[in-house]
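Colleague: Dropping the structure in here first, questions after.
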Amino acid sequence: MNDQGGDDLEGRVKLRELKTLSDNHYILRRASFEFRRSDGTWQAQLRESYDIGDGAAVLPIDPARGTVILVRQFRWPAYEAGSRHLSIEVPAGKLDGDDPETCVRREAMEEAGVTLGPGRRLFHCFSSPGAVKERLSLFLADYDSAAPRAAGGGHEHEGEDIAVLEIGLDEAYAMVTDGRIDDAKTIMLIQAAKLRSSD
């Protein structure tokens, strides 16, 4: 049996050069390598990848009341692509040396002023594996919608201007289906929460 095209990449990639093109904010690299194709032939390839660091995101959900916490903020790449609305997302951020669960607890407080209860990681996935070297850990976590909250809003010195949105899970799901929510990690977590709510 020919396993040349299998999933195991051991022996199928020969890196020739990995060059940093920019490290202005994140890191842009160009890789020169040879890849052994599924028919056994070697092909020289050039690829660029953007290293923005690994991150984590969380959808806070109050299971008793069926509400979720989202945040609304400006995203330049979405604006550049033609979007003319603030992005509605789950609280998220870069790990910055923390483990993923510590990260989501930090970001939920910084962005939304919410203290998370028990949480569970549902996914550990690449956000855009064709171009971006980022792996995301995606969580659902309980919160108490009746509990006092901190201000949230993010950090002004980081350019953040974040508004908190607390809505029902059904409304959040409707916003996914009609396109008002178009952020991939947020869509995944809302869909997962919706599936769990129907169990």
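The values are calculated or read from the model by the stated rules, or taken from the named source; none is laboratory data. Fair warning: this is a prediction, and the values are worked out from it, not measured in the lab. Here the Cβ is made from the backbone with ideal geometry for all residues, glycine too, and neighbour counts use every protein chain on show.
Colleague: Only one of Arg72, Arg30, Arg37, Arg16 is within 26 Å of the chain's Cα centre (by Cα), over 30 Å from Thr186 (Cβ atoms) and not aliphatic (A, V, I, L, M); which?
Modeller: Testing whether each residue is within 26 Å of the chain's Cα centre (by Cα), over 30 Å from Thr186 (Cβ atoms) and not aliphatic (A, V, I, L, M) leaves just Arg30.
Colleague: With respect to Arg149, is the statement that it is of a type in the set (D, E, K, R), crowded, with 16+ Cβ neighbours inside 10 Å and at pLDDT below 95 true?
Modeller: Against the criterion (of a type in the set (D, E, K, R), crowded, with 16+ Cβ neighbours inside 10 Å and at pLDDT below 95), Arg149 qualifies.
Colleague: Please specify each residue of the range 47-80 satisfying the condition of being under 16 Å from Ser128 (Cβ atoms) and either of a type in the set (Val, Ile, Thr) or in contact with a His (Cβ under 7 Å, 6 or more places away or on another chain) (or both).
Modeller: Ile52
Colleague: Considering only residues of the range 86-114 that are among the hydrophobic types (A, V, I, L, M, F, W, C) and in contact (Cβ under 8 Å) with a residue 60 or more places away in the chain, which is surrounded by the fewest Cβ atoms within 10 Å (Cβ to Cβ)?
Modeller: Leu86
Colleague: Can you pull out the residues in the range 3-23 that are within 14 Å of Thr41 (Cβ to Cβ) and at pLDDT below 90?
Modeller: Result: Gln4, Gly5.
Colleague: Condition first: without any contact (Cβ under 8 Å) to a residue 24 or more places away in the chain and charged (D, E, K, R). Can you find one or more residues in the range 45-66 that meet it?
Modeller: Within the range 45-66 (the criterion being without any contact (Cβ under 8 Å) to a residue 24 or more places away in the chain and charged (D, E, K, R)), the answer is yes, since at least one residue qualifies.
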